[in-house]
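Asker: Please find one structure pasted underneath; my questions will follow.
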Amino acid sequence: MKTKTENTVNSAYTSLANIMVLEKIESPVAQLSSQSKGSVAFDSAEEDESLSRVKRLYELGLRPGLQIQIIGKVSFNSVTIIQFGQTRLALNEQEMLCLHGRS
Amino acid sequence: MSTWALVGSPNSGKTTLYNWLTGSRSKAVNYPGATVEYSIGTLRSGLSQKWNNLDLKIVDTPGVYSLTPQSEDEVVTFKTLFSKNQSLEIDGVIVVVDATQLNRHLVLVRQLLKTGYPLLVVVTMADVVSKQKANLNLDILSRALGVATVAFDGVLGKGLDQIIQNLQKIISTPAKFSVQAPPVWTLAEQEAQLIQVQKIADEVIQSPHQPGESKDRSFVLDRFLLHPIFGFVFFFIFMTLLFASVYWLAKPIMDQVDQLFSFLSDHTTQLIPGLLGNFLGEGLISAIGGVLIFIPQIFILFLGIGFLEASGYLARAAVLVDKPLSWIGLGGRSFVPILSGFACAIPALMATRNIASRKEKFLAQMIIPLMTCSARLPVYGLMIGFLYSDQQPLMAGMVMAILYFGALLMGAIASRLISILVLRSHKQSRLMMELPPYRRPRFRALLIQALTKAKSFSLRAGPIILVLALVLWFGTHFPRPESGVEVSKSELATHSYAAQFGQAIEPVFKPLGVDWRVGFGLISAFAAREVFVSTLALVFNVEGDEEQQTQGLLSAMREAHFSDGSKIFTTASVVGILIFFMIALQCISTVGMIKKETGSWKIAFFQLVISNGVAYALAFVAVNTLKFFGY
């Protein structure tokens, strides 16, 4: 049976947390690259890094269609804590920009 | 002998299983060409005997999220499994998966299934699943994967026998296999794999909870430990405890080690007369003592880091300070090694192994020697004592605080400059940190881990430090006087090669307002910074115990003059010495450790030259500016 403290904390968590369903995992560089239609040149090293970042997000278990919970922000609002299933991840601003979804 | 590699994601419980299988029969090794260490051990004798003297070698590889490596750690695991040019031949893979993370960890298993390696899947945290009132069905998992699957309890060791039984079965029916490179999946294929393993995980674990519902109560602690304000309060408390235990707990043990080796050194020189006794006592035994004295700090630091990591807090701490450290090019994982540098650079440099990012690891290794380590304190104490007497404790305290913050500021500036000018990196480092559930650490496992680190230090960095210390002994004890001629220790020191070298380069020290005697002290301080004080006492002919030496030395310093009658130790020259000590890399043990951790004498030498050069330049500016204003 949950104690009173746990009930209060868990409900506080839920009310603060945003639920999001991931629609796409794509880096801002890749997005801009596909929209640029050749008018903007991108550093190939930067594109490689953004692709490997997205790959790593997949390897950590994130995928389109997955429901994630935004738990909160820490470290001067620069790091976002997300949760899906029993996995909790900390992502920085650049990494969060790769997650596109709807509430 | 059959060799099996333990492969799995970070925090899956690989090392716990490894410790259960090998006990203390293990050693840490560097993968050739890498600074990453991993452990190789043989099956514990008790277990081996129980299973018909099974001859089994286990390799604990660094944790990987996939077989497409993206870090130095993962490259080591990849090469261990797939490189043709290596001495270690892997006969099979034990894949360790966390039962609470099957929806992710099974992707790695499916990747390994395509490589051709004989596999055994070990499922950890089954006890956690049952506490969550869920049911884990290993038969379904085994059928879905097509390989044997065993549950293992890392706390009680349950399942160990089944693991070995399965390994023995695979080993005793050898089938030829050819290893293929793992598949490299596109994003679409990766997504398909995740969907498939989710289905498998849903069948394997029957849970009464709703999908997405938080099942692990330990995450509740994050409400406090990751709070935007209180999170930092708890962080400060835990880091203070860690730092205090490295500094205060280790000190009495280090004092005992110091006394033991001083005793051995003195008795050896008394028992064995002449140069041989001197070499054995003041050279070899002192040099060995100089290596072993670091063991208590290394042991306590890695015990503390191990506790924070195993409990799940270290990842949170790294996340909390990620932003502030990113301002100087570092990341959250750099904080504990840098903090440890305030006790001693040696264990701090070893702790940089926890930093996954190569760039951040390098930066941390470059700035750790700038942190005000405990060895600098006797020098600071002497110089501040010269500037301010016992009647001005507030001013003395303020100078000490300025030196500590000055070091931090220098470290931050150095990190920023190296990041921009040397690494040419303006990009934000990766974070993507998994926050594991909070767990109660197993003390035995922590002890083994800390002992392994201490052993690794003695065997790897020890010889380098030993050789450098012996070279320095030679320089300060030769040339010897002619036979039959008695000279005092002070005279021997002042005529040694090191002193001659100090005299020869006196023009270098003159602009800092000091003479060759201080220069000789600075050279001797390379053995250990605190040796500066005893060397000054030697050249100024001051005897007695530590306290008498300090008081006598202060008087001698106030009286010391150049040949033209001007004073050597003035406010300006003492401030110069303080600035020099604050910045210069003056410790051969640290140089040896930098070489060990970076794998490069070039980097260690570069750091030595640059830090001493910058220290000299800033000390020069400070001394001459103060002289201009009459100090």
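Asker: Which one of B:291, B:336, B:257, B:319 is β-branched (Val, Ile, Thr) and within 14 Å of chain A (Cβ to nearest Cβ)? Spell out the reasoning first.
Answerer: Values: B:291 fails: within 14 Å of chain A (Cβ to nearest Cβ); B:336 fails: within 14 Å of chain A (Cβ to nearest Cβ); B:257 fails: within 14 Å of chain A (Cβ to nearest Cβ).
So the residue among B:291, B:336, B:257, B:319 that is β-branched (Val, Ile, Thr) and within 14 Å of chain A (Cβ to nearest Cβ) is B:319.
Asker: Follow-up question, since we're still on this one. Which numbered condition trips up residue B:353, out of (1) touching a helix residue (DSSP H, G or I) at 6+ places or on another chain (Cβ under 7 Å); (2) assigned to a helix (DSSP H, G or I)?
Answerer: The single condition residue B:353 does not satisfy is (1).
Asker: Is it the case that some residue within segment A:7-16 is facing another protein chain (nearest Cβ under 10 Å) and modelled with pLDDT of 90 or more?
Answerer: Looking for residues that are facing another protein chain (nearest Cβ under 10 Å) and modelled with pLDDT of 90 or more, one finds none in segment A:7-16, hence no.
Here is a yes/no grid of residues against (1) in contact (Cβ under 8 Å) with a residue 12 or more places away in the chain; (2) buried (at least 19 other Cβ atoms within 10 Å of the Cβ); (3) under 29 Å from residue A:60 (Cα atoms); (4) within 24 Å of the chain's Cα centre (by Cα):
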| residue | (1), (2), (3), (4) |
| --- | --- |
| B:38 | yes, yes, yes, yes |
| B:52 | yes, no, no, no |
| B:59 | yes, yes, yes, yes |
| B:77 | yes, yes, yes, yes |
| B:82 | yes, no, yes, no |
| B:87 | no, no, no, no |
| B:102 | yes, yes, yes, no |
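Asker: Please report, ordered by residue number, the helices (runs of 4 or more DSSP H) entirely within segment B:1-82 with at least 1 residues that are closer than 29 Å to residue A:89 by Cα, in contact with a helix residue (DSSP H, G or I) (Cβ under 7 Å, 6 or more places away or on another chain) and modelled with pLDDT under 90.
Answerer: Where helices (runs of 4 or more DSSP H) fall fully within segment B:1-82 and carry at least 1 residues being closer than 29 Å to residue A:89 by Cα, in contact with a helix residue (DSSP H, G or I) (Cβ under 7 Å, 6 or more places away or on another chain) and modelled with pLDDT under 90, they are B:14-22, B:72-82.
Asker: For segment B:65-88, check the following and say yes or no: at least one residue is in contact with a strand residue (DSSP E or B) (Cβ under 8 Å, 6 or more places away or on another chain), within 13 Å of another protein chain (Cβ to nearest Cβ) and under 18 Å from residue B:197 (Cβ atoms).
Answerer: Scanning segment B:65-88 turns up no residue that is in contact with a strand residue (DSSP E or B) (Cβ under 8 Å, 6 or more places away or on another chain), within 13 Å of another protein chain (Cβ to nearest Cβ) and under 18 Å from residue B:197 (Cβ atoms).
Asker: Only residues that are out of contact with any Asp or Glu (no Cβ under 8 Å at 6 or more places or on another chain) and surrounded by fewer than 19 Cβ atoms within 10 Å (Cβ to Cβ): list them for segment B:124-144, please.
Answerer: Matches in segment B:124-144: B:130, B:131, B:133, B:134, B:135, B:138, B:139, B:142, B:143.
Asker: While we're here: Determine which single condition residue A:79 fails, assuming it passes every other condition in (1) within 11 Å of chain B (Cβ to nearest Cβ); (2) in contact with an Asp or Glu (Cβ under 6 Å, 6 or more places away or on another chain); (3) at pLDDT below 90.
Answerer: (3)
Asker: Of all residues in segment A:85-103, which are outside any loop (DSSP other than H, G, I, E, B), more than 7 Å from chain B (Cβ to nearest Cβ) and not charged (D, E, K, R)?
Answerer: Answer for segment A:85-103, where residues must be outside any loop (DSSP other than H, G, I, E, B), more than 7 Å from chain B (Cβ to nearest Cβ) and not charged (D, E, K, R): A:96, A:99, A:100, A:101.
Asker: Please specify each residue of segment A:52-68 satisfying the condition of being at the interface with chain B (Cβ under 7 Å from one of its Cβ atoms) and in a loop (DSSP other than H, G, I, E, B).
Answerer: A:60, A:61, A:63, A:64
Asker: Say whether the condition of being in a helix (DSSP H, G or I), modelled with pLDDT of 90 or more, buried (at least 18 other Cβ atoms within 10 Å of the Cβ) and out of contact with any Lys or Arg (no Cβ under 8 Å at 6 or more places or on another chain) is met by at least one residue in segment B:202-222.
Answerer: Yes, segment B:202-222 has at least one match.
Asker: Given the structure, is residue A:71 more than 8 Å from chain B (Cβ to nearest Cβ), modelled with pLDDT of 60 or more and within 24 Å of residue B:320 (Cβ to Cβ)?
Answerer: When the stated conditions are applied, residue A:71 does not pass them.
Asker: Something else about it: For residue B:269, are the conditions met, namely being on the phi < 0 side of the Ramachandran plot and surrounded by 13 or more Cβ atoms within 10 Å (Cβ to Cβ)? Give the steps one after another, and end with the answer.
Answerer: Working: on the phi < 0 side of the Ramachandran plot: yes; surrounded by 13 or more Cβ atoms within 10 Å (Cβ to Cβ): yes.
When the stated conditions are applied, residue B:269 passes them.
Asker: Among (1) at pLDDT 85 or above; (2) surrounded by fewer than 19 Cβ atoms within 10 Å (Cβ to Cβ); (3) under 27 Å from residue B:552 (Cβ atoms), where does residue B:397 come up short?
Answerer: Of (1) at pLDDT 85 or above; (2) surrounded by fewer than 19 Cβ atoms within 10 Å (Cβ to Cβ); (3) under 27 Å from residue B:552 (Cβ atoms), only one is false for residue B:397: (1).
Asker: Have a look at B:157, B:116 and point out the one that is in contact with a Phe, Trp or Tyr (Cβ under 7 Å, 6 or more places away or on another chain) and closer than 25 Å to residue B:49 by Cβ.
Answerer: On the way: B:116 fails: closer than 25 Å to residue B:49 by Cβ.
Testing whether each residue is in contact with a Phe, Trp or Tyr (Cβ under 7 Å, 6 or more places away or on another chain) and closer than 25 Å to residue B:49 by Cβ leaves just B:157.
Asker: Please find, within segment B:162-189, the residue that is nearest to residue B:3 (Cα to Cα) out of those that are outside any loop (DSSP other than H, G, I, E, B) and touching a helix residue (DSSP H, G or I) at 6+ places or on another chain (Cβ under 9 Å).
Answerer: Filtering segment B:162-189 for residues that are outside any loop (DSSP other than H, G, I, E, B) and touching a helix residue (DSSP H, G or I) at 6+ places or on another chain (Cβ under 9 Å), the one nearest to residue B:3 (Cα to Cα) comes out as B:164.
Asker: With the requirement that a residue be assigned to a helix (DSSP H, G or I) and touching a Gly at 6+ places or on another chain (Cβ under 9 Å), what does segment B:325-339 give you?
Answerer: B:325, B:326, B:336, B:338
Asker: Only one of (1) assigned to a strand (DSSP E or B); (2) modelled with pLDDT under 95 is not met by residue B:120, so which one is it?
Answerer: (2)
Asker: Can you tell which of B:409, B:431, B:451, B:423 is in contact with a strand residue (DSSP E or B) (Cβ under 6 Å, 6 or more places away or on another chain) and aliphatic (A, V, I, L, M)?
Answerer: B:431
Asker: Moving to a separate point now. Of the residues B:576, B:592, only one is farther than 17 Å from residue B:375 by Cβ, in contact with a Leu (Cβ under 9 Å, 6 or more places away or on another chain) and among the small types (Gly, Ala, Ser); which?
Answerer: Values: B:592 fails: farther than 17 Å from residue B:375 by Cβ.
Being farther than 17 Å from residue B:375 by Cβ, in contact with a Leu (Cβ under 9 Å, 6 or more places away or on another chain) and among the small types (Gly, Ala, Ser) holds for just one of B:576, B:592, which is B:576.
Asker: If you go through segment B:87-101, how many residues are over 23 Å from residue B:165 (Cβ atoms) and modelled with pLDDT of 90 or more?
Answerer: 2
Asker: Name every residue in segment B:404-431 that is of a type outside the set (Gly, Ala, Ser) and buried (at least 19 other Cβ atoms within 10 Å of the Cβ), in order of residue number.
Answerer: If the condition is that a residue be of a type outside the set (Gly, Ala, Ser) and buried (at least 19 other Cβ atoms within 10 Å of the Cβ), then B:410, B:418, B:430, B:431 are the ones that fit.
The values are calculated or read from the model by the stated rules, or taken from the named source; none is laboratory data. Owing to the predicted nature of the structure, the values given are computational and were not obtained by experimental measurement. Cβ: placed from backbone, ideal geometry, glycine included. Neighbour counts: every protein chain shown.
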